[in-house]
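See structure below.
The values are calculated or read from the model by the stated rules, or taken from the named source; none is laboratory data. A quick note: this is a predicted structure, and the numbers were derived from the prediction, not measured. Counting neighbours? That spans all protein chains shown, and the Cβs are built from the backbone with ideal geometry, glycine included.
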Amino acid sequence: MRYYTARLNPLKRLVLLNDTNLSTSGDPASSPRVFTRAEHPISRANISPNALKVLYRLKEAGYQSFLVGGAVRDLLLGQSPKDFDVATNAHPDQVKQLFRNCRLIGRRFHLAHVRFGQEIIEVATFRAAHTPMDEDNSVDEGGHRVLDERGRIIRDNLYGTIEEDVWRRDFTANALYYNISDFSIWDYVGGVEDARARVLRLIGDPETRYREDPVRVLRAIRFATKLGFTMHPDTREPIPKLAWMLDAVPPARLFDEVNKLFLAGRAAPTFDLAVELNVLEHLFPEVVPAYLEAPDSPAAKLLKLGLKGTDNRVREDKPVTPTFLFAVLLWPAIRRRVPEGLDTQQLLAACEQVISRQQTRVAIPRRFTLPLREIIALQPRFERREGRRALRVLDHPRFRAAYDFLLLRAAAGEADPELARWWTEIQTLSPEERVRKVEPVGGVREPSGRRRRRRRRRPPAASG
């Protein structure tokens with residue numbers, strides 16, 4: 001594999017930025033449009049106190065200090081941000097000197113994490129831009145940006161100015177800077193207008209940006225569904241023809257991205273959009289064919305019901321786990337291999353095969369695949385409801401997740417609703433009532449359901 005580096009020429013970059021036509025290209029301008037405090041609704045009362053501490057300390061130390069990204073976008077739209085990120089012209093080592101509760105992370109680009117109890121404020125140094133004007137493609141060994149032959153960024157540890165940093169943001173609505181010095185918003189790319197219009201637009205040439213980092217395809221889908229934004233046609237159009245580039249993304253990274261896609265409260269519409277744009281087949285190579293072959297099958301219905309249930313749990317602030325998510329997502333592929341019945345060995349064999357294939361695209365850690373197998377393996381055991389042995393399922397550590405999966409199977413038309421009602425009821429009974437329910441009056445049944453015969457005592461042998 002060949003690698004190319006992009007050494008940045010500030011004069012060329014400045015010419016490019018100054019010549020940019022925002023109205024047609026969506027590329028950054030050399031100077032921002034500044035929205036004063038009177039022109040936007042963002043209040044410090046809605047910003048994390050810890051984020052304000054970081055912002056003010058950087059400012060007092062003489063550095064530029066901005067709240068950036070999704071936090072500014074959400075505050076602008078009247079929503080509560082999940083995270084508060086900061087951008088500054090202070091280098092990571094300088095940030096670390098200011099905060100004792102700081103540690104530096106990252107390989108490709110160093111970040112500073114300032115921890116306040118459970119809250120982490122991420123502080124990033126302004127990054128240098130990558131522009132189409134970069135012409136020096138010699139191999140770099142000293143920390144400059146390195147691209148592979150497809151245009152994907154391999155290493156990137158260049159620091160720059162705020163005017164350059166805006167190039168590195170993905171979408172216009174995420175490229176807004178809240179200045180703690182005068183509480184204004186700096187907008188280089190028309191992000192305020194796009195956010196208010198709920199339009200998702202990539203900064204720069206979309207095909208180039210997707211090639212730099214194919215994961216931006218997934219980010220475009222996630223932000224469009226999560227925020228309820230409409231993709232700009234230029235942002236949407238290249239996705240189907242470039243989705244294949246996801247095949248080269250490390251599977252471990254894709255695991256994190258899949259969790260972000262489907263555990264953010266909009267899993268159902270995300271699934272539909274990812275299928276529509278021919279993206280999901282590059283994440284789940286066995287699931288998509290199984291789903292599209294029989295979209296009205298019980299397994300496909302279970303998948304959609306499971307994603308909607310996941311969304312409901314997120315909205316209700318209930319816990320959600322990758323284990324259950326992947327059990328739901330992979331079920332159509334598993335059932336495609338075992339179309340009839342619930343034989344435990346066949347199900348487990350199919351589960352192993354599907355997971356093994358899945359790991360080549362999205363690497364699911366063992367701590368999630370092991371309980372996933374247990375959830376699947378418990379499904380046949382729910383069929384047995386006679387004898388005390390049936391009650392052992394209640395004590396299994398995966399019972400609750402497996403029971404929830406049974407409910408989905410019943411709702412999708414795959415399992416008998418009466419079976420689901422029986423296991424729902426038995427959980428409400430006392431131990432004595434449970435035993436009476438599984439052992440018919442008048443005899444004790446073997447686990448197989450056959451009545452056990454009483455042994456007849458043999459008469460004593462005659463003596464003498």
When segment 293-325 is checked residue by residue, the ones that are assigned to a loop (DSSP other than H, G, I, E, B), of a type outside the set (A, V, I, L, M, F, W, C) and surrounded by fewer than 17 Cβ atoms within 10 Å (Cβ to Cβ) are PRO295, ASP296, GLU316, ASP317, LYS318, PRO319, THR321
All-but-one check, ALA195 against (1) in a helix (DSSP H, G or I); (2) surrounded by fewer than 22 Cβ atoms within 10 Å (Cβ to Cβ); (3) among the small types (Gly, Ala, Ser), failing number (2)
message: Please verify whether ASP343 is at positive phi, assigned by TED's automatic domain parsing to the domain that holds ASP404 and among the charged types (D, E, K, R), treating the condition exactly as stated.
response: no
Before we move on, is VAL288 in contact with a Leu (Cβ under 6 Å, 6 or more places away or on another chain) and assigned to a helix (DSSP H, G or I)?
yes
Those residues of segment 190-212 which are closer than 16 Å to VAL166 by Cβ and hydrophobic (A, V, I, L, M, F, W, C) amount to VAL192, ALA195, LEU202, ILE203
Per the filter on segment 337-357, residues part of a helix (DSSP H, G or I) and either touching a Pro at 6+ places or on another chain (Cβ under 8 Å) or exposed (fewer than 13 other Cβ atoms within 10 Å of the Cβ) (or both) are THR344, GLN345, LEU347, SER356, ARG357
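Are any residues in segment 41-99 of a type in the set (Gly, Ala, Ser) and farther than 29 Å from ARG198 by Cβ, and if so, which ones?
Keep residues of segment 41-99 that are of a type in the set (Gly, Ala, Ser), which gives 43, 45, 48, 51, 61-62, 65, 69-71, 78, 80, 87, 90.
ALA61, GLY62, ALA90, listed by residue number.
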Over segment 195-212, the set of residues farther than 13 Å from PHE171 by Cβ and in contact with a helix residue (DSSP H, G or I) (Cβ under 9 Å, 6 or more places away or on another chain) is ARG196, ASP205, GLU207, ARG211
Contact list, first residue from segment 243-264 and assigned to a loop (DSSP other than H, G, I, E, B), second anywhere and surrounded by 15 or more Cβ atoms within 10 Å (Cβ to Cβ) and at pLDDT below 95, beta-carbon distance below 6 Å, six or more apart or interchain, is LEU263/VAL320; ALA264/LYS226
By residue number, the members of segment 46-57 that are more than 21 Å from ALA173 (Cα to Cα) and touching a helix residue (DSSP H, G or I) at 6+ places or on another chain (Cβ under 7 Å) are LEU52, ARG57
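Looking only at segment 99-112, how many residues end up being closer than 18 Å to LEU55 by Cβ and either small (Gly, Ala, Ser) or touching an Asp or Glu at 6+ places or on another chain (Cβ under 9 Å) (or both)?
The qualifying residues number 2.
Given the structure, is GLU276 among the acidic types (Asp, Glu) and touching a residue at least 60 places away in the same chain (Cβ under 8 Å)?
The answer is no for GLU276.
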>> Whether any residue in segment 285-297 is farther than 23 Å from ARG409 by Cβ and touching a residue at least 40 places away in the same chain (Cβ under 8 Å) is what I want to check.
In response: yes
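Please list, ordered by residue number, the helices (runs of 4 or more DSSP H) wholly in segment 375-440 having 3 or more residues that are within 30 Å of LEU307 (Cβ to Cβ).
Ranges flagged: 399-411, 417-426.
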